[in-house]
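Written below as structure tokens is the structure these notes are about.
Bear in mind these aren't lab numbers, they're just calculated from the coordinates by the rules spelled out. All values derive from a computational prediction rather than experimental measurement. Note that each Cβ is placed from the backbone with ideal geometry, even for glycine, and that neighbours are counted across all protein chains shown.
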Amino acid sequence: MPWSRVQIKTLPVYRESEEVQGVRVLHCVFWSFYPCIVAFRQCKPLVQVDGTHLYEKYKSALLVAVAYDGNQNIVLIAFAIVQGETADAWEFFLTNLRRYVITIDGVGIISNRHSSIDAAIARSNGAWSPPRAWHMYCIRHIRSNFLRRFKAPYLHKLVVNIGRNRSTTKTTKGLKRGGEAYTQWCDDIGVERWVLAFDGGHRWGHMTTNLVECINSVLKGARNLLVTAIVRSTFYRLNELFTRKSTEAY
């Protein structure tokens, strides 16, 4: 498809410590179809990212970025197949996502609290940091992290309520009510990362990565295919989606 963006990274092959000439193996690949790139220009300046494991032969990971338009339609904007959810893999994905798809500033990005994503954003030379972008966390993952840390399931509703609260005053009271250890834990994360009252409006009301996780489940049937078949699957599914939406629009 003309004007689509593809970046392929390969590695050399060695045999007994000597490089095999003329042979390269696939290390990772990024792709974004041109209609998706154009569609993002009409979406909220917000993107959700997540990764999911592939099955069978390759044992790699599929990284996906999803946007959301004003009519509450989900738009897949970019994909990557990488060796795993490492800092290098996320850096490869986020760098190309910023270079080819999300070229505007003032965008929000929502993810889980995977350390590799944080590391990749830290390496981005400000491309995914304020004022160019705001990195925020999924409230469900915050809740899971909290329960894993404090073993207090009776407080999980409090965590979610604090995250969804739009009042800074009530949020502060809720933090203090949780105790000093809880307050310190929240402060270490940064309330601007997960509390709606402090997000500066960059979340657009979205608190989770449910959209991209939904897409991961939709692509579940393709996750045991070969790399080229996975790319074709994303193309045909998106082609069907854009064709249907075009017909509905007219």
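Charges were assigned to the Cβ only: +1 to each Lys and Arg, -1 to each Asp and Glu. The resulting dipole of the chain about its Cα centre is roughly 800 debye. Within the listed set Val212, Val38, Val107, the residue fluctuating most in the Gaussian network model of the chain (springs between alpha-carbon atoms under 10 angstrom) is Val38.
Annotation: peptides 25-32, 61-68, 93-100, ranked by per-residue average of other Cβ atoms within 10 Å with the highest first, follow the order 61-68, 93-100, 25-32.
Let me have the relative contact order for the chain, percent, based on Cα pairs under 8 Å that are six or more residues apart.
Numbers: 382 pairs, mean separation 41.7, N = 250.
Dividing the mean separation by the residue count of the chain yields 17 percent.
For region 182-187, the Karplus equation 6.51 cos²θ - 1.76 cosθ + 1.60, evaluated at θ = phi - 60°, returns couplings of 5, 4, 5, 4, 5, 5 Hz by residue, with Gly and Pro reported as x.
With a Förster radius of 35 Å applied to the C-beta separation of Thr86 and Thr183, the computed FRET efficiency comes to 0.60.
Taking 0.36 nm per residue of separation and subtracting the Cα-Cα distance, what length does fully extending Ser246 through Arg166 add?
That pair, Ser246 and Arg166, stretches by 25.1 nm at full extension.
Using only Cα atoms, locate the centre of region 187-243 and the centre of region 21-50, then give the distance between them in Å, rounded to an integer. That distance is 13 Å. Taking the C-alpha atoms only, the angle from helix 168-177 to the longest principal axis of the chain is near 80 degrees.
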